[in-house]
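Everything below concerns the one structure shown next.
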Amino acid sequence: MRVALVLLFLFCTNISFSQSDADYFSSRFLKYEDQIYVENIKTVLLERNGEPMSDPVIRLGSGETLLLQFDLLDNEIEDYSYRIIHCDPDWKSSELSENEFLDGFNTDQISNYKHSLNTLVDFWHYQLLFPNAQMKPLLSGNYLMVVFPTNEPDSIVISKRFFVVEPIVQISGTAHRATVIEYRNSHQEVDFKINATGISLNNPYTDLKVVLLQNFNYNTSLTNIQPLFASNDELDYNLEQGNVFEGGSEYRILDLRTNKFLTQSIERIENDSINGGMVTILKPDLRLGTQRYSANEDINGKYLIKIYEGRDAHLEGDYIQVKFRLKTKEENPEMTYYVEGNLTDRKLTSTYRLNYNEVAGCYEITLLVKQGYYNYRYITLDEKRNYSVLETEGSHYETRNEYDVLVYWKAIGARYFKLIGDQKIQAGGF
């Protein structure tokens, strides 16, 4: 590997969120991201089989499988199929043909589905294990799973990202209080090294692509990351800038595992006389921008489908209207406010945007949520669509977050990027 000196660069620490604020379900045009394209599909999960709340990452050829689950809120069943698309590190379709990255058929039906049991809201629950005998990935990299009605392949209903890693390089690192004085109390810095002994690099600044994720949230991903030093077989990413995230605060908790009594964040439960079912009114949430760090236990924005009354939460868990309320003295016309977490697929669209209620003095939104245990938070976008939690949640270097370092490599003459490393780094509790 060539010896390289420092590349001087500055990286803007404000995250600009470019997603269009069009309605969440307004287009069936394929987006290379986690997306639900129709209103009557809810609670889409893609996790390692047997590991609830895990990230959708499996090792190539390991026998590990992913479990896709989702609900169709309808009395009538629908036949669904799926296909797989290989993508580059920037989530664009790679130039490979399907027979190069897939073993088996290019589409297959989802044949495992059951009707809900004893719920006020009727739904069909679908499950799919992948890879399977009909379809297996042959290569590492980024993938997109696309679900559609069996007889309508262009009418997409779900797209979901997943990752197949081929662990070749060794990654080590730490997440700690930001080095730059301006960010020391509010931000976390992720420093890491890559031992690239197992690969041949012509130019480490172009042959490798490195992505940093906080809590597997692509809204705040850092992608244009270059090593500070490249010497022999080691690349050093101790940057001080370009690898810094808002620490945020621990996520807020929504406990819907029962509808028999009020849990911690719930103010009251009412019957929905118009639509049937129930409406859960949450206690008004306070803005935490000026609060000190509080070490509450959270699950970093994820959720778990679970109920206290019943055996199978995925079939017996009901859907409940949940009213979120963020308390504020007055409306802020320079900001838009969103509920965010895996319960909203991290989407910042009009479907999850809060509206100001002047009488109540709250930003409010009501969402249909399946019973379970959830994390959520409030985020803002300013007029330039800069993403931040500073005003709504506050930001602290002590917050417990989980970071993923994803390393992609394109060998000389290769037509695609391999995903050759994925390392989790824990932060917080300092």
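The values are calculated or read from the model by the stated rules, or taken from the named source; none is laboratory data. Since the structure is predicted, the reported quantities are computational estimates derived from the model, not experimental observations. Glycine gets a Cβ as well: all are built from the backbone with ideal geometry, and neighbour counts include every protein chain shown.
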Unmet criterion (only one of (1) assigned to a loop (DSSP other than H, G, I, E, B); (2) surrounded by 13 or more Cβ atoms within 10 Å (Cβ to Cβ)) for Asp90: (2)
The listed residue being among the small types (Gly, Ala, Ser) and in contact with a Ser or Thr (Cβ under 7 Å, 6 or more places away or on another chain), out of Ser159, Ser186, Ser155: Ser186
Just to be sure I understand the filter: pairs with C-beta atoms under 6 Å, separated by 6 or more residues or on different chains, first member in region 101-121 and under 23 Å from Phe163 (Cβ atoms), second member small (Gly, Ala, Ser) and at pLDDT 95 or above. Which pairs pass? Thr107/Ser81
Output the residues belonging to region 301-337 that are touching a helix residue (DSSP H, G or I) at 6+ places or on another chain (Cβ under 9 Å) and of a type outside the set (A, V, I, L, M, F, W, C). Gly301, Lys302, Tyr303, Lys306, Glu309, Gly310
Residue in region 233-247 that is surrounded by fewer than 19 Cβ atoms within 10 Å (Cβ to Cβ) and of a type in the set (A, V, I, L, M, F, W, C) present: no
Tyr376 being under 22 Å from Asn219 (Cβ atoms) and in a loop (DSSP other than H, G, I, E, B): no
Selected residue [acidic (Asp, Glu) and assigned by TED's automatic domain parsing to the domain that holds Gly104] from Asp154, Asp207, Asp191: Asp154
Can you name the number of the only condition in (1) over 17 Å from the mean Cα position of the chain (by Cα); (2) closer than 20 Å to Val164 by Cα that Leu45 fails? (1)
